[in-house]
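Novice: Got a structure for you, written out below as structure tokens; questions coming shortly.
Read the figures in this text as sums done on the coordinates, not as results from a lab. Please read all numbers here as calculations on a predicted model, not as lab measurements. Note that we place each Cβ from the backbone using ideal geometry, even for glycine, and neighbour counts take in every protein chain shown.
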Amino acid sequence: MAEEKAPTTTQFPGTIEPQKPRLKKAPEFPILEKQNWLIHLHYIRKDYAACKALIKEQLQETQGLCEYAIYVQALMYRLEGNIQESLELFQSCAVLNPQNADNLKQVARSLFLLGKHKAAIEVYNEAAKLNQKDWEICHNLGVCYMYLKHFNKAKDQLHSALQLNRHDLTYIMLGKIHLLEGELEKAIDIYKKAVEFSPENTELLTTLGLLYLQLGIYQKAFEHLGNALTFDPTNYKAILAAGSMMQTHGDFDVALTKYRVMAYSVPESPPLWNNIGMCFFGKKKYVAAISCLKRANYLAPFDWKILYNLGLVHLTMQQYASAFHFLSAAINFQPKMGELYMLLAIALTNLDDSENASRAYAEAVALDQSNPLVNLNYAVLLYNQGEKKKALAQYQEMEKKVTLLKGSSSLDFDPEMVEMAQKMGAALQVGEALVWTKPVKDLKSRHRTTSANKSSNLQQPLGSNQALGQAMSSAAGFGKTTQLPAEQDGYNHSRLASCDDSL
Amino acid sequence: MANIHTFSACLALADLHGDGEYKLVVGDLGPNGRQPRLKVLKGPSVLTESPLPALPSAAAAFLMEPHEPRTPALALASGPCVYVYKNLRPYFKFSLPPLPPNPLEQDLWNQAKEDRIDPLTLKEMLEGIREKAEVPLSSQSLRFLHLELGEMEAFVAQHKTQPIRRQTVITTMTILKKNLADEDAVSCLVLGTENRELLVLDPEAFTVLTKMNLPSVPVFLEASGQFDVEFWLTAACRDGNIYILRRDCKRPKYCIELSAQPVGLVRIHKTLVVGSTQDMLHSFTHKGKKLWTVPMPAPILTMSLLEQRSRGLQAVMAGLANGEMRIYRDKALLNIIRTPDAVTSLCFGRYGREDNTLIMTTRGGGLVIKILKRTAVFGEGAGEAGPPPAQALRLNVPRKTRLYVDQTLREREAGTAMHRAFQMDLYLLRLRAARAYVQALESSLNPVSATLREPLKLHAVVQGLGPTFKLTLHLQNTSAVRPAMGLLVSCLYNESLYALPRAFFKVPMLVPGLSYPLETFVECLSDKGISDVIKVLVLREGQSAPLLSAHINMPVSEGLVAA
């Protein structure tokens, strides 16, 4: 590389020496562009060695005047990562032909790659004067503004790029800016348009699917992720996200088959092993689940979701001491989640440390907004300790949350939880208990119908009320909010055994 | 090895002698692109071979006139010329019309001819033209602009009499039917040039019938329709765009932006298939609407059309860098042909007396000729359909040992006890750590002071053999900006063992970051070969509690022991 570079770059100043002998013999000048086509053909075939040899020859012959040869040489430097050299060559191209917007565009591009966004913007503006209607200039200006955090300017530029000519890349950048600004809905609109424009771009499909997943619109999310997988069955993000959705519906075997593809191509992905682990958990293969989760934890020791799941599995395995460790580690990384404290409290209850368990419950109740399980479990503990009044308060709190959830009705109530709640209501002698159960049943039947709709869509039956195995799957960094609420079912199962005796 | 180095554009199949035996015409660039030759092959062997004046950029066989015998002529584009052969004999040479020079430039050189302008002014004026003018300068002027002062005179003297010339070169060439759609109808040549023009030539007179402008330099060219009726020209250009032109419009009608460089262009009826440098095959309608995209496993090197007339099949062939040659009908992969070397050029058609022959040349100069069975039918699904093979592999789930299971059982039995013991030990550990920490803080035993106001660091060095030692204290202010002032150093020691001339002294102002060496001498009074600890305390003026302290273990005084 180095020896190639030296002769070509020194060409420009040293054009004089071979001039004299040539003058006498050959006054006819070679056509400067005579081998441009060949240079270009070599370049697009990625035959860089041949291309460089030809460029060298061509530059020698024309004494460094062949603009296109320098241009391609610069492009190749940039591909090799020598951005500074490429910048210098593009600049000399711009000197040779100041009327060519392409030269300026490439100068700007090299500046951009060097991180000099402001300088790049200046050069792009210069290029825009030469060529008004170029989407590439608008697009790149938009990207530069994005990195400078001038989001409004960036959006303006990207929109005008889209008006000139539509490109997937522009859509992706525009969507990214909306996400950076936290405007999920607008980002979805942009990606929708993008998918309409190019329906086979897996990256667009996956991103749109994940955004829907984040908003909790599962059907559309699955549709788009499924489409992405049709076009590219090895798409990493789409497999994880689609797999985690299958898991929420209890299709563990299908999810596992999908994960196999990924385990082959990306064997060291923590979320993958987390999801595989929770699949095994759902299939009640607890030892395998623990193995996989521990591998995930080994690969990503600071991921609280994996620790959470490890805690959950160990609770199920009645290894309360281990569960305690995983859960307290998770709490250290994520101190703002009610469910974590609740699980910790359950572990502590089983370790006969009811004092700390109450404190953990108190923390959980304070942090949690919507999960009735937290209150129910707290009520059970309080009842067992003989504090009926406090238990009643928690029970009523739980009822409030249940009514709220019925309003949105996105969640399905675990039958064991309902049963437990009824028992609890009876024990506390709350008259409403009977009234309460009916709407729940109503709600469940309603849920059944929706799930029937879905199943026709997904072509696989939904395990409607599986108590276990709603795993927290960190689907490629998304799905944080969507997967959580289902988890506690797993715990509740193990919890019930102890409750039943006491009641 | 056939020693053929060429591109798909330089391959043509034609019945050159009108005997029904089709020959392969190759515009060969030669090894390293140094010996351009025109080769005509019959079967696997070279029939004739003749040297060419410059590298060929395209070859085509076309019918020049409607009269019998209907033997096609051969056109070979090279540099600024098209060489036309008939019966394999040179017949005509067409040169691109020279481009009009810049009038201002012409004017300047005319003045130079009459010696009315000196070289320096000429240079300045030319420079000015180059900056602004629409029409670029000739190579003569460009060369002149790069000369040093001393050589200008001679250059002007030698070249002033010559007319200014601007010449361009042909980058690509294809053929377009003149007025009939028949298989063997008279065809025009369509040329793409370096100065961004498309020219259509009359097949008999070789005059320019029409001229069209492009925004960039064409690389690949496709033509359909008839010149006299209606036609479409599709040009893939160096700016990564594909322009579609129609009859009666001088500018492109549609534009497809690829955002990568095209590496091949094939037209099937009204759809275009384009290979890009991003290892993708894209398909577009002839109006520029995107239809589909197929990813390739390796970079595409060349593309061509496969047409099996007997079955009405039209498919796209793509030669890949990994030595595969893939055949696609629309999105569906029909076949993969593996070759020993990467295929660099492709051609399909009638060769010899065989209707469906595939001709490939490889990177190393090899020639592969394959004949399609007359009964062969291309079926879809030859490629990878269904789930990827990795789906069938077993998951590598880590195994658990017997010991693990035993431990699990034990934890279930005695979980509470284990937890209690652990908590107990943890509390004890914390307690001890806290105690030690408090103790250190209370007595400022540590050599690093962590207080916010005076972050200091101290380390001490003892030099010498005794009985006199030199004690050097290195004191450093570790705060970011604030200097430390009003500090004192006090040494506590056993007065029966040691004597210090300076046991208590002031510390100069400490600038942040620098290490200050403070020296003091220590005299050992005992001759019994015993040593003791000297405590060094750093204090703030007016405070009795030390900021930090160091315990220095003094060495045994060897001087006295020896004496």
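Novice: To make sure I understand the rule: partners must be lysines, Cα under 24 Å from the Cα of A:LYS46, and not fewer than 8 residues away in the same chain. Which ones qualify?
Specialist: Excluding near neighbours in sequence, the set is A:LYS5, A:LYS34, A:LYS56, A:LYS105.
Novice: Sticking with this one: Give me the orientation-averaged projected area of the Cα convex hull of region B:103-160, in nm², one decimal. It would help to have the intermediate numbers written out before the result.
Specialist: On the way: hull surface 13.8 nm².
That works out to 3.4 nm².
Novice: Calculate how large, on average over all directions, the projected area of the Cα convex hull of the protein assembly as shown is; give the answer in nm² to one decimal. Intermediate results must be reported in sequence, preceding the final value.
Specialist: Details: hull surface 262.4 nm².
The orientation-averaged projected area of the Cα hull of the protein assembly as shown comes to 65.6 nm².
Novice: Sticking with this structure for a sec: Counting just the Cα atoms, what span does region A:263-417 cover along each of its three principal axes? Round to the nearest Å and put the largest first.
Specialist: On the principal axes, region A:263-417 reaches 55, 37, 27 Å in Cα extent.
Novice: Right, another one. Determine the shielding of peptide A:38-50 by partner chains: average, over its residues, the number of Cβ atoms on other chains within 10 angstrom of each Cβ. Walk me through the intermediate numbers first.
Specialist: Details: counts 6, 0, 5, 11, 1, 4, 16, 14, 9, 6, 0, 0, 4.
Mean shielding count: 6.
Novice: Add -39500 (n - 2.57) for each DSSP H run of 4 or more in the protein assembly as shown, then divide by its residues: what number comes out at 222 nm, to the nearest 500 deg cm²/dmol?
Specialist: -14000 deg cm²/dmol
Novice: How well do other chains shield peptide B:416-422, expressed as the mean number of their Cβ atoms within 10 Å of each residue Cβ?
Specialist: Working: counts 6, 3, 6, 12, 4, 1, 3.
Partner-chain Cβ atoms within 10 Å, mean over residues of B:416-422: 5.
Novice: Could you give the length gained by full extension between B:GLU151 and B:VAL448, i.e. 0.36 nm per residue of separation minus their alpha carbon distance, to one decimal place?
Specialist: Details: separation 297, 0.36 × 297 = 106.92 nm, distance 7.46 nm.
Fully extending the segment from B:GLU151 to B:VAL448 adds 99.5 nm.
Novice: Helix B:103-113 versus the longest principal axis of chain B: what is the Cα-based angle in degrees, 0 to 90, to the nearest 10?
Specialist: So the inclination is approximately 90 degrees.
Novice: Quick one, what does Rg over Rh come out to for region B:448-553 if you take C-alpha atoms and the Kirkwood Rh? Please report the intermediate quantities before stating the final value.
Specialist: On the way: Rg = 14.3 Å, Rh = 14.4 Å.
Across region B:448-553, the Cα-based Rg/Rh ratio is 1.00.
Novice: May I ask you to list the trypsin sites (Lys or Arg not before Pro) in region A:289-361 that are in a DSSP loop and have at most 12 other Cβ atoms within 10 Å of their Cβ? Display every interim value, and only then the final one.
Specialist: Working: sites: A:LYS294, A:ARG295, A:LYS305, A:LYS336, A:ARG359; in loops: A:LYS336.
Here the sparse-neighbourhood loop sites are A:LYS336.
Novice: Computed FRET efficiency, Cβ-Cβ of B:LEU395 and A:PHE197, R0 41 Å: what is it to the nearest 0.05? Let's see the in-between values first.
Specialist: Working: r = 38 Å, r/R0 = 0.92.
So the FRET efficiency works out to roughly 0.60.
Novice: What ranking do B:176-185, A:136-145 get when scored by the average of other Cβ atoms within 10 Å per residue, highest first?
Specialist: Listed from highest to lowest mean packing, they are A:136-145, B:176-185.
Novice: Between B:LYS270 and B:ARG350, how many nm apart are label points set 7 Å from Cα along the C-beta direction?
Specialist: According to this spin-label approximation, the distance is 2.9 nm.
Novice: Please report, in debye to the nearest 20, how large the charge dipole of the protein assembly as shown is about its Cα centre when each Lys and Arg carries +1 at its beta carbon and each Asp and Glu carries -1 there.
Specialist: Numbers: 116 positive and 105 negative charges, 265 e Å.
About 1280 debye.
Novice: Give or take rounding to whole Å, what are the principal axis extents of the alpha carbon atoms in chain B, in descending order?
Specialist: 131, 92, 48
Novice: Give the calculated FRET efficiency between A:GLU57 and A:GLU181 to the nearest 0.05, with a Förster radius of 51 Å applied to their Cβ-Cβ distance. Don't jump to the answer; show the numbers that get you there.
Specialist: Values: r = 52 Å, r/R0 = 1.02.
Efficiency, rounded to the nearest 0.05: 0.45.
Novice: Under a point spin-label approximation (7 Å from Cα along Cα-to-Cβ), what is the B:ALA54-A:GLU88 distance to one decimal in nm?
Specialist: 3.2
Novice: To the nearest 0.05, what FRET efficiency results for B:THR121 and B:VAL481 with a Förster distance of 60 Å applied to their C-beta separation? Mind dumping the intermediate values first?
Specialist: Details: r = 63 Å, r/R0 = 1.05.
E(calc), rounded to 0.05, equals 0.45.
Novice: Another question about this same structure. Tell me which of A:VAL287, B:TYR351, B:PRO31 sits at the most positive position along the dipole axis of the protein assembly as shown, charges placed on C-beta atoms (Lys, Arg +1; Asp, Glu -1).
Specialist: A:VAL287
Novice: Looking only at region B:234-253, which residues have a backbone nitrogen under 15 Å from a spot 7 Å from the Cα of B:LYS211 in the C-beta direction?
Specialist: What the label zone holds, given the 15 Å backbone N cut-off, is B:250-251.
Novice: Just counting partner chain Cβ atoms within 10 Å, what average do the residues of peptide A:227-234 show around their Cβ? Walk me through the intermediate numbers first.
Specialist: On the way: counts 0, 0, 1, 0, 4, 2, 6, 4.
Neighbouring Cβ atoms belonging to other protein chains average 2 per residue here.
Novice: Find the Rg to Rh ratio for region B:409-508, where Rh is the Kirkwood radius over alpha-carbon pairs and Rg uses the same atoms. Spell out each step's value before the answer.
Specialist: Working: Rg = 22.8 Å, Rh = 18.1 Å.
A ratio of 1.26.
Novice: A follow-up question, please. How far apart, in nm, are the 7 Å Cα→Cβ label points at B:LEU180 and B:ARG435?
Specialist: In this crude spin-label approximation the distance works out to 11.2 nm.
Novice: If you don't mind, another one. For chain B, give the magnitude of the charge dipole about the Cα centre (Cβ charges: +1 Lys/Arg, -1 Asp/Glu; no others), in debye to the nearest 20. Could you put the intermediate results ahead of the total?
Specialist: Working: 64 positive and 54 negative charges, 360 e Å.
Roughly 1720 debye for chain B.
Novice: Cross-link list A:LYS52/B:LYS86; B:LYS178/B:LYS211; A:LYS133/B:LYS211; B:LYS42/B:LYS86: which exceed 26 angstrom alpha carbon to alpha carbon? Numbers along the way, then the final one.
Specialist: Values: A:LYS52/B:LYS86 37 Å; B:LYS178/B:LYS211 15 Å; A:LYS133/B:LYS211 24 Å; B:LYS42/B:LYS86 17 Å.
Going by Cα-Cα distance, A:LYS52/B:LYS86 fall outside the 26 Å limit.
Novice: If you don't mind, another one. To the nearest Å, what is the center-to-center distance of region B:470-508 and region A:349-369, using C-alpha atoms only?
Specialist: 54
Novice: According to the square roots a ≥ b ≥ c of the eigenvalues of the Cα gyration tensor, what is the shape class of region B:11-78, taking rounded for a/c under 1.5, prolate for a/b larger than b/c otherwise, and oblate for the remainder?
Specialist: oblate
Novice: Sorted by mean Cβ packing within 10 Å, highest first, what order do the peptides B:143-154, B:100-111, B:316-327 take? Spell out each step's value before the answer.
Specialist: Numbers: B:143-154: 15.0, B:100-111: 16.8, B:316-327: 21.7.
Those peptides, ordered most packed to least, come out B:316-327, B:100-111, B:143-154.
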